[in-house]
């Protein structure tokens, strides 16, 4: 039976993440052959990959393979990887009452109404197409410039970088 070698590059923030991505692509990584790759410095990667599969006795196995770290990745290790931007507003807060019609099963928003009468009409119209239980809740929404309370931005650590990994095996 002829085995076809499968080889692909993965970008990941660490070796374990690269192995998980390889498993999603159909190859379970059982051996890291990076030291052999660095010692031999092969010109033909496909020939090196075939030799490694034979050396590790997985040249006839399907769904398993090896990994080579071309460029090591570094995961974000910050405990608080964010920057808080607080929106301080001046003046009085203006609120408006809104009636939200939602599906009772999963809480998906279907329609809204300014008044209870508008909400009832919107719910009746939505019931014609949806044909499932609906509920209506009164919600107070902030209007104007006061609606934004804060912003949280993701800020990774300085040494976080995505690495490059090559996975190969038979399929």
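Note on the chain: Kirkwood radius taken over Cα pairs, Stokes-Einstein applied at 20 °C and 1.002 mPa s, translational D equal to 99 µm² s⁻¹.
Remark: spin-label model distance residue 150-residue 24 equals 3.1 nm, labels positioned 7 Å along the Cα→Cβ axis. Between the Cα long axis of helix 15-24 and the first principal axis of the chain there is an angle of about 80°, rounded to the nearest 10. Rounded to the nearest 500, the 222 nm mean residue ellipticity of the chain from helices alone is -7500 deg cm²/dmol, with -39,500 (n - 2.57) taken per DSSP H run of at least 4 residues.
Taking only the Cα atoms of the stretch 88-148, the ratio Rg/Rh comes out at 1.11, with Rh defined as the Kirkwood radius. A protection proxy built from the mean count of other Cβ atoms within 10 Å ranks the segments 64-71, 22-29, most packed first, as 64-71, 22-29.
Inter-part distance, the stretch 141-171 to the stretch 38-54, computed on C-alpha centroids, equals 36 Å.
Model label points for residue 39 and residue 11, set 7 angstrom from Cα along the Cα-to-Cβ axis, are 3.2 nm apart.
From most to least packed by mean Cβ count within 10 Å, the peptides 80-89, 115-124 give 115-124, 80-89.
Shape analysis of the stretch 1-101 based on the Cα gyration tensor places the equivalent ellipsoid semi-axes at 50, 19, 10 Å, largest first.
Every number here is computed from the coordinates shown, using simple stated rules; none is lab data. As the structure is a computational prediction, the values presented were derived from the model and not from experiment. Cβ sites come from the backbone with ideal geometry, for glycine too, and all protein chains shown count toward neighbours.
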